[in-house]
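The values are calculated or read from the model by the stated rules, or taken from the named source; none is laboratory data. Everything numeric in this text was worked out from a predicted model, so none of it was measured. Don't worry about glycine lacking a Cβ; one is built from the backbone with ideal geometry, like all the others, and counts go over all protein chains shown. For the accessible areas, the whole protein counts, side chains as well, though only heavy atoms, and no ligand, DNA or RNA atoms are used. Shrake-Rupley method; radii C 1.70, N 1.55, O 1.52, S 1.80 Å.
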Amino acid sequence: TTVPATGEQITAKLSEAEAAAAARAKAKRTPNDFVFGKVIGEGSYSTVYLAKEVSTQRQFAIKVCDKKHLIRERKTHFVMREKEVLMKLDHSFFIKLAYTFQDSERLYYVLTYACHGELLGYLHKLSAFDVPCTRFYSAEIVLALEYLHGLGIIHRDLKPENILLSEDMHIKITDFGTSKILSTDSEGKAENQVEAKRKNSFVGTAEYVSPEVLNNQPANFGSDLWALGCIIYQCLSGSLPFRSGNEYQTFQKIVKAEYEFPEGFNPDAKDLVQKLLVVDPALRLGMAKPEGMKALKNHKFYEGIDWETLPDSTPPKLM
Ligand code: ATP
């Protein structure tokens, strides 16, 4: 007969198992720890694969960057920034960086797999969203921005392509290659000066770029709120507020905040967009201290949103 283990022995065994699991979790992964599947996307400097971790059978999206290509195209700083920011984020509305590793030719970023892809795909499929979906998804973006800005990070390229959707249809924001970490030290100032000098170039996407960035001012938290205004407009109407035959004309409209609402645009959403698409970033809703993003959260358009439980709630069906 086996002698029953004492409580102490069980505790010792359990902590041994825990220690082994922790060691496994900490160990550096290699490409052999994953079975690579189909390509799920191509970026300008990376290929993203669907992959399964052998030991856990969990699915991940693995972003693979060719080192030589990164150096040749001078994109190294983008991947470094992306890693730096992703490592700071710990919120369900953002893609999580589970592991990183490299071999002699490539860098590998193992990311949460957002299996429903880009919000943009749904916008294209449905042409536009109804009010409940626009309210829900833009509210999730508001919460996400509140968290991100709280960490001193500006996304700088917020758009429906960079808002991915998880298994349970909540948002997972991605693409931090052009984001900016605000710092009060000299490094931050130096970066702003470099940016201010980089005339006629901006980071971000033409249709969502803010007037201050076009005017060679450094991006600020308000630049993400401008993009939010564009996204709310786009979700409800199916088209962008600032769009023209060419980029130059688009920029002309942006710097003057010159846009129109289509007929039938929800009045509360209209009021919100009008308070976000304001030329002076300091005057955008959500920017005034001390209430900050609370002013946005209290806007009439978000009446009925329970901000506390939003990440655990069931999203309205996108249809
Ligand atoms: P670039 O950074 O060059 O503008 P990108 O942001 O589109 O390009 P990636 O981040 O490399 O480039 O992603 C490429 C594509 O892969 C994206 O279009 C996206 O839809 C998809 N993708 C990226 N990460 C994930 C993820 N974690 N889950 C699901 N799909 C992803």
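Tell me, which strands (runs of 3 or more DSSP E) wholly within the range 5-115 include 3 or more residues that are touching a Ser or Thr at 6+ places or on another chain (Cβ under 8 Å) and touching a residue at least 60 places away in the same chain (Cβ under 8 Å)?
Values: elements: 34-42, 47-53, 59-66, 97-102, 106-112.
Per the criteria, 106-112.
Select from the range 32-44 the residues that are β-branched (Val, Ile, Thr) and over 15 Å from Arg106 (Cβ atoms) and write down the one among them that is least open to solvent (accessible area, probe 1.4 Å). So that I can check it myself, show each step before the final result.
Step one: of the range 32-44, the residues β-branched (Val, Ile, Thr) are 35, 39-40.
Those left that are additionally over 15 Å from Arg106 (Cβ atoms): 35, 40.
On the way: Val35: 92, Ile40: 69 Å².
Among those residues, the one meeting the criterion is Ile40.
Could you give me the residue pairs with C-beta distances under 6 Å whose first residue belongs to the range 270-289 and is without any contact (Cβ under 8 Å) to a residue 24 or more places away in the chain, whose second residue is among the aromatic types (Phe, Trp, Tyr) and surrounded by fewer than 21 Cβ atoms within 10 Å (Cβ to Cβ) wherever it lies, and which are 6+ apart or on separate chains?
Short answer, once both residue conditions are applied: Lys270/Phe261.
For Thr100, work out the one condition from (1) in contact with a Phe, Trp or Tyr (Cβ under 6 Å, 6 or more places away or on another chain); (2) over 27 Å from Leu182 (Cα atoms); (3) more than 13 Å from the ligand (Cβ to nearest atom) it doesn't fulfil.
Every listed condition holds for Thr100 apart from (2).
Quick one: how many residues across the range 45-66 are open to solvent by 50 Å² or more (accessible area, probe 1.4 Å) and out of contact with any Gly (no Cβ under 9 Å at 6 or more places or on another chain)?
6
Would a scan of the range 230-237 turn up a residue that is more than 21 Å from the chain's Cα centre (by Cα) and surrounded by fewer than 15 Cβ atoms within 10 Å (Cβ to Cβ)?
no
Of everything in the range 48-67, what is within 13 Å of the ligand (Cβ to nearest atom) and over 13 Å from Val110 (Cα atoms)? Give them in sequence order.
Across the range 48-67, the qualifying residue is only Asp66.
Do you know which of the residues in the range 163-182 that are surrounded by fewer than 21 Cβ atoms within 10 Å (Cβ to Cβ) and within 21 Å of Met80 (Cα to Cα) is nearest to the ligand (Cβ to nearest atom)?
So the residue we want is Asp175.
In the range 134-171, which residue that is over 14 Å from the mean Cα position of the chain (by Cα) and part of a loop (DSSP other than H, G, I, E, B) is nearest to Leu225 (Cα to Cα)?
Gly152
Restricting attention to the range 123-133, report how many residues are more than 14 Å from the ligand (Cβ to nearest atom) and either under 15 Å from the mean Cα position of the chain (by Cα) or not in a loop (DSSP other than H, G, I, E, B) (or both).
Residues meeting the conditions: 5.
When you go through Glu258, Glu191, Glu263 one by one, which is the residue that is open to solvent by 50 Å² or more (accessible area, probe 1.4 Å) and either at pLDDT below 90 or of a type in the set (Lys, Arg) (or both)?
Details: Glu258 fails: either at pLDDT below 90 or of a type in the set (Lys, Arg) (or both); Glu263 fails: either at pLDDT below 90 or of a type in the set (Lys, Arg) (or both).
The match here is Glu191.
Which residue is farthest from the ligand (Cβ to nearest atom), if the candidates are limited to the range 108-122 and must be of a type in the set (A, V, I, L, M, F, W, C) and surrounded by fewer than 20 Cβ atoms within 10 Å (Cβ to Cβ)? Spell out the reasoning first.
At the first step, the residues of the range 108-122 found to be of a type in the set (A, V, I, L, M, F, W, C) are 110-111, 114-115, 119-120.
Among the residues that remain, those that are also surrounded by fewer than 20 Cβ atoms within 10 Å (Cβ to Cβ) are: 115, 120.
Details: Cys115: 7, Leu120: 9 Å.
Here the residue is Leu120.
What number of residues in the range 30-47 are in contact with a Lys or Arg (Cβ under 6 Å, 6 or more places away or on another chain) and within 14 Å of the ligand (Cβ to nearest atom)?
Filtering the range 30-47 down to residues in contact with a Lys or Arg (Cβ under 6 Å, 6 or more places away or on another chain) leaves 35, 45-46.
Cutting the leftovers down to within 14 Å of the ligand (Cβ to nearest atom) gives us 45-46.
Adding up the residues that qualify gives 2.
Tell me which residues, restricted to the range 103-134, are in contact with a strand residue (DSSP E or B) (Cβ under 7 Å, 6 or more places away or on another chain), under 15 Å from Val48 (Cα atoms) and not acidic (Asp, Glu).
Correct list: Arg106, Leu107, Tyr108, Tyr109, Val110, Leu111, Thr112, Tyr113, Ala114, His116, Gly117.
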